[in-house]
Amino acid sequence: MKIPQNLAAVLVSAVLSAGIPFQAKATECKPVKAHAISFLTTTGCTSPIGLCDTGTISGNLGLNGAIEFFTVDSTAPGPSTAPNPSTTLSYSGILEITTNHGTLITRDTGVFDTSTGTSTSGFSSAFATVIDGTGKYQGASGYLFFAGKPVNGHFETPISGELCLP
């Protein structure tokens, strides 16, 4: 049986004439500009190593809400050539940002200087890849960059990157 060359056109025409809508989703990517204020916590922390972070976030693209938890699930010593190699820690975990528009979930990986009394004490730097979401963020993709420092018992972290929403 020979299939007509214009079979695709015939099928599309049949679907359109039957009133069956196509649900093609365009993805729109926009730059992220946000700021987080967070602190370490053990309350409600489910991290296998007992390391969690919670706080608030304010930014564009609806990223105004709570850092429900950043749950660290693995750590390793930092590089031997870091400014403070014995106190530099690399880490990875799941970051959940909850807003009125839904929840954005990322895999966050970075380094943290756990030293005290040095010029780099408490600094952290990380990147995060969007892995899941709910509400407005369902089907989202993108990445975030974090560069945090300690301020009066909490962390101040500017956030940049790109968020792609369907």
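Tabulated values for the structure
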item	result
For region 125-134, Karplus couplings with θ = phi - 60° (6.51, -1.76, 1.60), whole Hz, Gly/Pro x	9, 8, 10, 9, 10, 5, 10, 6, x, 10
Anchor Lys30: aspartates and glutamates whose Cα lies under 19 Å away (excluding residues fewer than 8 positions away in-chain)	Asp132, Glu162
Solvent-accessible area per residue, Å², over region 45-166 with all protein chains present [probe radius 1.4 Å]	48
Rounded percent of accessible protein surface that carbon and sulfur make up, region 20-166, 1.4 Å probe	58
Per-residue ³J(HN,Hα) for region 115-124, Karplus 6.51 cos²θ - 1.76 cosθ + 1.60, θ = phi - 60°, Hz, x for Gly and Pro	5, 10, x, 10, 5, 10, 3, x, 5, 9
D (Stokes-Einstein, µm²/s), Kirkwood Cα radius, region 18-166, 1.002 mPa s at 20 °C	132
Förster radius 25 Å - calculated FRET efficiency between Val111 and Asn64, Cβ distance, rounded to 0.05	0.35
Where Glu162, Glu28 fall by accessible area, highest first, once all protein chains stay in place (1.4 Å)	Glu28, Glu162
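The values are calculated or read from the model by the stated rules, or taken from the named source; none is laboratory data. Just so it is clear, the structure is predicted and the values come from calculations on it, not from any experiment. Here Cβ is always computed from backbone atoms with ideal geometry, including for glycine, and neighbour counts include all displayed protein chains. Heavy atoms of the whole protein, side chains included, go into the accessibility calculation; ligands, DNA and RNA do not. Shrake-Rupley method; radii C 1.70, N 1.55, O 1.52, S 1.80 Å.
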